[in-house]
Each structure stands twice: as C-alpha cells, then as structure tokens.
Amino acid sequence: MGNRIKRRILSFVLTLLIVSLFVFSSVSLALGDSSSFVLSDEASSIAVEDYRRTMGLDDNIFIRYLRFLGNFFTLNWGKTIGGEEIRKVILDRLPVTLSLSFYSILFSTFFSILIVFFSLQKRGMKESRIISILSSAFLVLPSFLTSLLLVLIFSLWLKLFPVSGYSRINNGFFMHFRSLFLPSLTLSLLHSSLMMRIMYSTLKESLEMPYTNTALSKGMKEKSLVVSSALKPSLPIFFTLISDSISSALGGSCVVENVFALPGMGSLMVKGALERDASLVSTCVMVVAFLVSFTFLVTDILTDAVDPRIRRSNEKA
C-alpha cells in the first residue's frame with residue numbers, strides 16, 4: 001500500500017512539472033507581453049526596456065522558468081500588472097469556481113443516477129434509447145448555447161433565477177445557491193451525458209452477472225438489487241466519473257463564468273489573457289492543474305481501497 005501511494009505521489013509531482021513546462025512555454029512564446037498593455041502606444045523603446053528589465057521579462061527563458069517554478073511551490077506568486085497580490089486575488093476567486101464545480105457535480109450525479117436507475121428497473125430497448133438520446137443531446141449542445149437557453153427559460157420567461165452576478169454564502173445560502181443554480185446546471189448537463197452512458201452500461205453489465213440472478217431467485221427486490229448488488233462493483237468507475245467531472249468543471253468554467261459574470265478562476269484567466277499578464281495566467285493554470293491532479297490522486301487511492309482486483313494487480317506489478 002505504501003509503495004503504491006509513493007508511486008502515485010511521484011506521478012502527481014511529475015504531472016505538475018510537465019504542466020508547468022507546457023504552460024510556461026505557451027505563455028512565453030505568445031506574441032507580446034504585459035508591457036504592450038501597461039505602457040501606452042507612445043512609450044519610448046527605453047521605457048519599454050526599463051519595464052521589461054524591472055519585471056524580469058528580458059531574462060533567459062530557462063531562468064524565468066526556474067523562477068516561476070520556485071515561486072509557485074513557495075506560494076510567492078508575485079503581483080498582477082495592476083499591482084494586486086496574485087495569491088490574494090486567486091484565494092478570493094477560487095471559492096466561486098469550487099462552489100460552481102461542487103453544485104454542477106451534485107446536479108449531474110443526481111440526474112444521472114435518477115435516470116439510470118429508472119431505466120435499469122425497466123431494462124428495455126425504449127429506456128436504452130432514452131439514455132442514448134438524452135446523453136447525445138447534452139453532449140452536442142455547447143456550453144455557451146446551453147447557458148443562453150437556460151437564461152432565456154429560467155430568467156427571462158419564468159423569472160426564477162438571476163441572469164448574472166454572484167452572491168457569497170455569507171449573504172445567505174439561498175441567495176448563494178440561487179446565483180449559482182443556472183451556471184451549475186449548465187455544466188452539469190455536459191457531465192451528465194458521459195456519466196449516464198457509462199453508468200448505464202456498467203450497472204447493466206453488473207445486473208447481468210450470475211450472482212444477481214441468484215439474488216433475484218432468493219427473493220431480493222429489483223430496487224435493492226440495483227443498489228446493493230450492482231452499485232458496489234461499479235464504485236471504482238463511479239469514482240473515476242466523479243474525478244473526470246471535477247476536472248471538466250474546473251476546465252470548463254471559463255465559458256460559463258464569463259456568460260453569467262461570475263468572479264471565478266475562469267473569468268480571471270480570461271482577464272489575465274486579455275491583459276497579457278503572464279504571471280497571473282500561468283499561476284491560475286497551475287492552481288487548476290494542481291486541483292485536478294490532486295483529485296486524480298485521491299481517486300486512485302479510493303479505487304484501490306474499494307476494488308481488491310486493482311490492489312492485487314498493483315501488488316503483482
């Protein structure tokens with residue numbers, strides 16, 4: 001068990017190093033830097049050179065990468081081009097994105113389990129087509145179009161939820177949840193498409209195993225069979241689906257947060273990209289990469305804990 005955890009932690013660190021190299025290279029090779037945004041068009045070449053020297057933009061790219069890597073792991077993230085502490089800005093915006101991701105995963109899991117369990121109790125071609133049609137529809141619709149449709153229905157027509165804006169949980173849970181309902185629902189529809197397909201096929205396969213037929217012959221009810229006999233063997237895949245949903249929610253928050261004017265990490269990255277703030281964008285991407293990698297690390301550990309087959313295969317390896 002200890003060796004497996006060590007290998008996963010090592011993989012976690014290597015993943016962050018690879019992501020940091022890719023992110024830093026992409027930002028560094030992009031045309032222009034923050035000097036073109038901060039300084040006016042009439043600024044002299046001397047003023048531009050002084051600014052670049054002060055910000056360390058004219059240093060060797062290898063030195064800048066090592067400095068970026070060291071600053072990130074020591075939480076010395078520097079300042080934005082507006083003079084704000086990057087760490088303070090990210091810590092202020094991160095709870096918005098985490099709340100959005102949490103509610104979207106909650107919605108997608110609830111909808112998927114509800115629809116899949118209903119279909120499994122029937123287990124007919126009609127129910128299978130319903131799963132296929134719903135998942136395909138959710139997958140095909142892009143996030144921005146889904147956002148606009150939900151705003152049109154729930155905000156403009158029914159007037160149930162606000163069009164945009166964010167209310168912190170300090171102002172009351174109801175107002176907080178109400179401000180995040182539509183953005184979370186938008187993200188959850190995309191997650192539900194994949195989750196419904198995989199959960200349906202996995203649970204259906206488990207229900208067709210010999211031990212489930214034995215349980216039915218002994219008088220176990222269909223609902224109890226789905227929950228007790230089919231769900232437990234499918235927990236590793238369920239954990240993987242949850243971790244994939246978390247990574248998709250964190251990565252797909254840019255579009256949704258900008259559509260609904262949410263002050264989260266996604267809108268912060270877009271703002272930093274428009275201002276060509278390399279430090280801000282790089283740090284935001286690294287924070288998201290850290291959260292996603294950490295989620296996969298926890299998922300691997302939980303999967304090992306609930307699935308003895310994976311434990312035995314890892315022990316042999």
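See the values below:
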item	result
Selection within region 67-77 - at pLDDT below 85 and either more than 14 Å from V27 (Cβ to Cβ) or over 25 Å from the mean Cα position of the chain (by Cα) (or both)	R67
Tabulated pairs, region 238-256, first without any contact (Cβ under 8 Å) to a residue 40 or more places away in the chain, second surrounded by 23 or more Cβ atoms within 10 Å (Cβ to Cβ), C-beta under 6 angstrom, 6+ apart or interchain	C254/G266
Complete set of residues in region 118-150 that are at pLDDT 75 or above and crowded, with 16+ Cβ neighbours inside 10 Å	T146, S147, L150
Condition met for L262 (under 30 Å from E85 (Cα atoms), modelled with pLDDT under 90 and of a type in the set (A, V, I, L, M))	yes
Hey, R178 charged (D, E, K, R), at pLDDT below 85 and in a helix (DSSP H, G or I) or not	no
Filter result for the condition that a residue is in a helix (DSSP H, G or I), over 20 Å from S143 (Cα atoms) and either under 13 Å from the mean Cα position of the chain (by Cα) or at pLDDT below 80 (or both), over V287, V256, V281	V287
Extreme residue, farthest from T146 (Cα to Cα), among residues of region 78-94 that are modelled with pLDDT of 90 or more and open to solvent by 60 Å² or more (accessible area, probe 1.4 Å)	E85
Tally, over region 161-170, of residues that are at pLDDT 85 or above and not aromatic (F, W, Y)	5
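The values are calculated or read from the model by the stated rules, or taken from the named source; none is laboratory data. Given the structure is predicted, the values throughout are model-derived calculations rather than measurements. All Cβ positions, even for glycine, are placed from backbone atoms using ideal geometry, and neighbour counts span all protein chains on display. Each accessible area value is taken on the protein alone, full model and side chains, heavy atoms only, with ligands, DNA and RNA left out. Shrake-Rupley method; radii C 1.70, N 1.55, O 1.52, S 1.80 Å.
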